[in-house]
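See below for the structure under consideration.
The values are calculated or read from the model by the stated rules, or taken from the named source; none is laboratory data. As the structure is a prediction and not an experimental result, all values here were calculated from the model. FYI the Cβ positions are ideal-geometry reconstructions off the backbone, even for glycines, and counts take in every protein chain you see. Note: areas computed on protein heavy atoms with side chains; ligands, DNA, RNA excluded. Shrake-Rupley method; radii C 1.70, N 1.55, O 1.52, S 1.80 Å.
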Amino acid sequence: MTLLEVNSLQTEFKTPGGLVRAVRGISFQVERGETVGVVGESGSGKSVTALSLMRLIPTPPGCIKADSILLEGRDLLSLSSREMQRVRGSQIAMVFQDPFTSLNPTMKLGEQVAETIRVHNSVSATEVKERVLKLFEAMRLPSPEIRYHQYPHEISGGQRQRVMIAIAFACNPKLLIADEPTTALDVTVQAQVLSLMKRLQTEHNTGTLLITHDLGVVAEVCDRALVMYAGQIVESGTVQQIFQSPKHPYTQGLLASLPQIHADSRQRLVSISGQPPDLARLPKGCAFYERCPRRLMDICTQKEPQETVFEDGQTARCFLHGS
Amino acid sequence: MTALLEVKGLKKHFRVVRQNGFRAVRETVHAVDGVDLEVATGETLGIVGESGCGKSTVGRTILRLIEPTEGTVLWQGERLDSLRGEALRSIRRDIGIVFQDPFAALDPRMLVGDIITEPLKAHKMATSRTERQERARELLITVGLRPEFASRYPHEFSGGQRQRIGIARAISTNPKLLVLDEPISALDISIRAQILNLLEDLQTERGISYLFIAHDLSVVRHICHRVAVMYLGVIVEQASSDSLFGSPLHPYTQALLSAVPVADPAIRKERTLLEGDVPSPVHIPSGCRFRTRCPLAQERCAKETPLLRELDTAHWVACHFAEKSVASGG
């Protein structure tokens, strides 16, 4: 059975400025042990997707609609809020971007991890502490016993993010949602944290949804990737497909606009002109039309492109490839 | 050739008071601890390093937005650090700055046209309002915006547009040098290339020099002619962009390059991961500052501070064992 199966998820927000359609009918799957990257710019709907899966969107003003969100065949949308609370933390865990605000500043680090274990399991206090220390060790946190009694302000950003990951893995979740887990970190620390996450994920066979705007991170750690633009998945495929033969003009543009660290010549970057559309005032037709270098005059403004599935499983939402 | 800008032995120490229980402990943060650098006309010098390495402080001390603790800053051969009042003001006309956060750098209550021509007013380069309005329109066109944007407020613009406004303000006085402090790191990926291209165009057209401060190595490789790598307040390696990225000599530079994720799944690589975090700038390790995380560290590194030496033509490195690291890592 597929670990996570999302079928036409839509998340909207009622705002004074109109109905903001943050996520517009997206479907995807995550298998056990697989890392799926979600790439997109701010406002593309990637974080809202993550929060919708966890049902952490405040309703109102938000509104989550979907045919189904199946975690091992169980529809998360049909659960009561108490049942959902049991899923969060134990079956689906989340790591947020900002390790500075995600930890409780008044609680000892060890206690924050212990809390998660206690909420979802009935185990003795000594066993809880043992498990926390073991997790800290697995996170390569130096001197775990000392860290247990420290507060968030006493440790560095990289170490805080490791504590966050310890909390996420405290109950061996089946699915890990990591929302920009390394964006706030320096590159050398980012490399440490990514390799740590990868190792834990392989050990526990956890499925991971990795949300990021960094295409480099996607290429390094993901198996498959979903490219989001204006609330839709405009392209999906394996990382090899996405990076070597991107089909959607947006993906092509993003890849061309990246400065290459290995390139010798200082070629001029190809940039995507303009900026993403206002989600409360989406144009008719394709949302990328305004910025698209390969737009077709008639059809692109008239109809919304549907998803084309290629033979090798890659998908793209663009009239260049079908309807 | 005299350099446009020359920095010698620049130091900036911040005194801080830390509360330890009921006791106040006085400490010194060694943000910048002896930096030498030069920027030539029409050149882009990059300063890279991780957070807290002192790269932004270097940029700000050059403009004397922060007063240096020690060291000299020479602008076209003239000492900047002793200037006061009008003399300092006239030199600030030649040096502009663009900040990282385009949302915080623009006064939300001022019209865009007034924002970008305020330097002209301050330097008495355009005294009449109509003249300034005319200049505002020209500047907006130069940075790729529509001239009618002059009569709007900053909140009406996106991050990329605001950064263009920030650049328009910085170039309004026709400066010879721009300090660019992480100018694109707050922007979305599809917008970054637009701003980088704009900066390159401005350099070609006007021959402006850039001091480009960034943590993103791919961007630095793309836009900089020469690069200085900073670690804990000092420069550990400095070379031309090609030479630094092609054959990095310092173990820190090598680790930094190895840590950068590359947007190509075909080159997934084995990395040399650095252990631990950057030490605190309050308690700086003795000898070589990098030794606590360095894979090559030996006894000597704790005792002797390595000085920058020219190992290859115009390729400077501060490491006792740089020759060895060429063989192993480079």
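Brief remarks on what is shown
- Test for A:Arg294: is it open to solvent by 90 Å² or more (accessible area, probe 1.4 Å), more than 14 Å from chain B (Cβ to nearest Cβ) and of a type in the set (D, E, K, R): yes
- Pairs, first at the interface with chain A (Cβ under 10 Å from one of its Cβ atoms) and part of a helix (DSSP H, G or I) in segment B:141-161, second open to solvent by less than 30 Å² (accessible area, probe 1.4 Å) and among the aliphatic types (A, V, I, L, M), C-beta under 8 Å, six or more apart: B:Gly159/B:Leu187; B:Gly159/B:Ile191; B:Gly160/B:Leu187; B:Gly160/B:Ile191; B:Gly160/B:Ile195; B:Gln161/B:Leu145
- The condition of being within 14 Å of chain A (Cβ to nearest Cβ) and on the phi > 0 side of the Ramachandran plot holds for only one of B:Leu232, B:Leu244, B:Leu257, that being B:Leu232.
- Against the test of being acidic (Asp, Glu), farther than 25 Å from A:Arg55 by Cβ and modelled with pLDDT of 90 or more, the options A:Asp223, A:Asp264 yield a single qualifying residue, A:Asp223.
- Set A:Gln190, A:Gln161: member being closer than 26 Å to A:Lys134 by Cα and more than 8 Å from chain B (Cβ to nearest Cβ): A:Gln161
- Close pairs from segment B:1-30: first assigned to a strand (DSSP E or B), partner of a type in the set (Phe, Trp, Tyr), Cβ under 7 Å, at least 6 apart: B:Leu5/B:Trp75; B:Val29/B:Phe14
- Of the numbered criteria (1) away from chain B (no Cβ under 12 Å); (2) open to solvent by less than 30 Å² (accessible area, probe 1.4 Å); (3) touching a residue at least 60 places away in the same chain (Cβ under 8 Å), the one A:Cys286 fails is (3).
- Residue in segment B:99-113 that is in a helix (DSSP H, G or I) and either buried (at least 19 other Cβ atoms within 10 Å of the Cβ) or at pLDDT below 90 (or both) present: yes
- Scanning segment B:22-58 for residues that are more than 13 Å from the chain's Cα centre (by Cα), of a type in the set (Asp, Glu) and more than 18 Å from B:Leu74 (Cβ to Cβ) yields B:Glu27, B:Asp33.
- Number of residues in segment A:47-67 that are touching a residue at least 60 places away in the same chain (Cβ under 8 Å) and in a loop (DSSP other than H, G, I, E, B) equals 3.
- When A:Ile146 is tested against (1) within 14 Å of another protein chain (Cβ to nearest Cβ); (2) of a type outside the set (Phe, Trp, Tyr); (3) over 28 Å from A:Ser44 (Cα atoms), exactly one condition is not met: (1).
- Boolean, B:Gly49 is farther than 25 Å from B:Leu199 by Cβ and of a type outside the set (A, V, I, L, M): no
- B:Arg206, sole failed condition from (1) modelled with pLDDT of 90 or more; (2) within 14 Å of chain A (Cβ to nearest Cβ): (2)
- When A:Gly37, A:Gly33 are checked against the criterion of being buried (at least 17 other Cβ atoms within 10 Å of the Cβ) and at pLDDT 90 or above, A:Gly37 stands alone in meeting it.
- Yes/no for B:Ile267 being in contact with a strand residue (DSSP E or B) (Cβ under 6 Å, 6 or more places away or on another chain), open to solvent by 20 Å² or more (accessible area, probe 1.4 Å) and over 19 Å from B:Gly46 (Cα atoms): no
- Qualifying positions in segment B:39-81 - of a type outside the set (Gly, Ala, Ser), open to solvent by less than 10 Å² (accessible area, probe 1.4 Å) and not in a helix (DSSP H, G or I): B:Val39, B:Thr44, B:Leu45, B:Ile47, B:Val48, B:Glu50, B:Cys53, B:Val73, B:Trp75, B:Leu80
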